[in-house]
Amino acid sequence: LQQDLQELKDCPAETLDGHRIPLWVNTGLITDALRSLDRGAEGVGLYRTEVPFMMKDRFPSENEQQKTYRLQLETFAPAPVTMRTLDIGGDKALTYFPINEANPFLGWRGIRVTLDHPEIFLVQIRAMLKASEGLNNLRIMLPMISHISEVDEALHLIYRAHAEVQEEGFAVEMPDIGVMIEVPAAVYQIRELAQRVDFLSVGSNDLTQYLLAVDRNNPRVADLYQAFHPAVLSALKIIAEQAAVQKTPVSVCGELAGNPLGAVLLMAMGYDMLSMNATNLPKVKSIVRGISMEWAQQLLGEVMQMDSAPIIVATIQLSLEKAG
Ligand code: PEP
Ligand code: MG
């Protein structure tokens, strides 16, 4: 197995008919990053910056953050590293910044918190920018966007942080900026979002939770949390189509991208890149290498006609087995 993994590492994620789909990884700890390189990741599609924040008992300083981010960027350079700005609230709590709410998933989360606390946001962006000096492989991504004004406000702060670090003498380029599509409202604003940013990335975990109104961590309704729900697949297809119209690169960084059955559908929908945890990457790559794009698109056409997630899952599974 070790040898198989080693061989697969250097093979491209390419279908039998020559369609390439870059496979990137999701990271949080530096150990994730190191493990990812072994597995042939072509970049980092989601670095969850709240993870290093959760390891502390107070907000990390700008300097501390800069060092942490530098390590991630250096580990992957020249490959791109997509850093998501702090995504706390919901299920992710910081002991030193408690948020107590009745409906945390519908409350003060992600960009909502950091736009209300620009001092936290600015320190983080400045640290990211400083860390990228000389490497220029940084991409910045905004979580939990539901209003266009949030993007405008965040961009304004990012430009301000960029001007500040340049004034301090850091020669850093402006990184590509992206928005996460993880709230249903964002699905219907792809054009407006794409006009403002360089890339889009679907957070399918939250998008599924919000589309189906099912808490992603509540065991009582776990049966209703269906990543292959027809409505979820429809939303994913609309996003890919709309992003293509806008000529804006779009990827998926939720768990669905690391599920081989999901990856096949997402590739067929036209997603430009998939980002997943390092453990799933070799499996997804070997599936991609065993099928053709034409086959995947035909399968997608079939499952988009179906009305039940279990049947959709069984159909993909069966088709993959038949395809060998
Ligand atoms: C998602 O929502 O799909 C996602 C990638 O972000 P997180 O799981 O960290 O909320
Ligand atoms: Mg999310």
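Where a number appears in this text, it was derived from the coordinates with a stated rule and is not lab data. All values derive from a computational prediction rather than experimental measurement. A quick note on method: Cβ atoms are made from the backbone with ideal geometry, for glycine too, and the neighbour counts reach across all protein chains shown.
Annotations
- Sorted by Cβ density within 10 Å, fewest first, the residues Trp295, Trp24, Trp108: Trp108, Trp295, Trp24
- Qualifying chymotrypsin sites (Phe, Trp or Tyr not before Pro) in segment 150-197, DSSP loop, other Cβ atoms within 10 Å at most 15: Tyr188
- The alpha carbon centroids of segment 1-74 and segment 178-220 are separated by 22 Å.
- Glu241 versus Gln6: modelled label distance in nm, points set 7 Å from Cα along the beta carbon direction: 4.7
- Those lysines that a straight Cα-Cα span of less than 26 Å connects to Lys322, excepting residues fewer than 8 apart in one chain: Lys9, Lys237, Lys283, Lys285
- Reachable lysines from Lys56, criterion Cα separation under 19 angstrom, eight or more residues apart if same chain: Lys67, Lys92
- Here the chain is scanned for GluC sites (Glu not before Pro) in DSSP loops (not H, G, I, E, B) that have at most 16 other Cβ atoms within 10 Å, and the longest stretch holding none of them is 174-324.
- More than 27 Å apart - percent of Cα-Cα pairs taken over the chain: 43
- Gap separating the Cα centres of segment 273-290 and segment 101-129, nearest whole Å: 31
- Crossing angle, helix 309-323 versus the chain [Cα axis fit, 0-90 degrees, rounded to tens]: 70
- Here the mean projected area of the convex hull built on the C-alpha positions of segment 5-97 is 7.4 nm².
- Charged side chains reduced to their Cβ positions (Lys and Arg at +1, Asp and Glu at -1) give segment 193-305 a dipole of some 180 debye around its Cα centre.
- Charge dipole (the chain, unit charges on Cβ, about Cα centre) - positive-most of Phe121, Phe228, Ile190: Phe228
- Cα long-axis angle, helix 281-290 against the chain (0 to 90 degrees, to the nearest 10): 40
- Counting every other Cβ atom within 10 Å of each residue's Cβ, Tyr69, Tyr47 order from fewest to most as Tyr69, Tyr47.
- Spin-label pair Asn63-Phe170: with each label point 7 Å from Cα along the Cα-Cβ axis, the two points sit 1.4 nm from one another.
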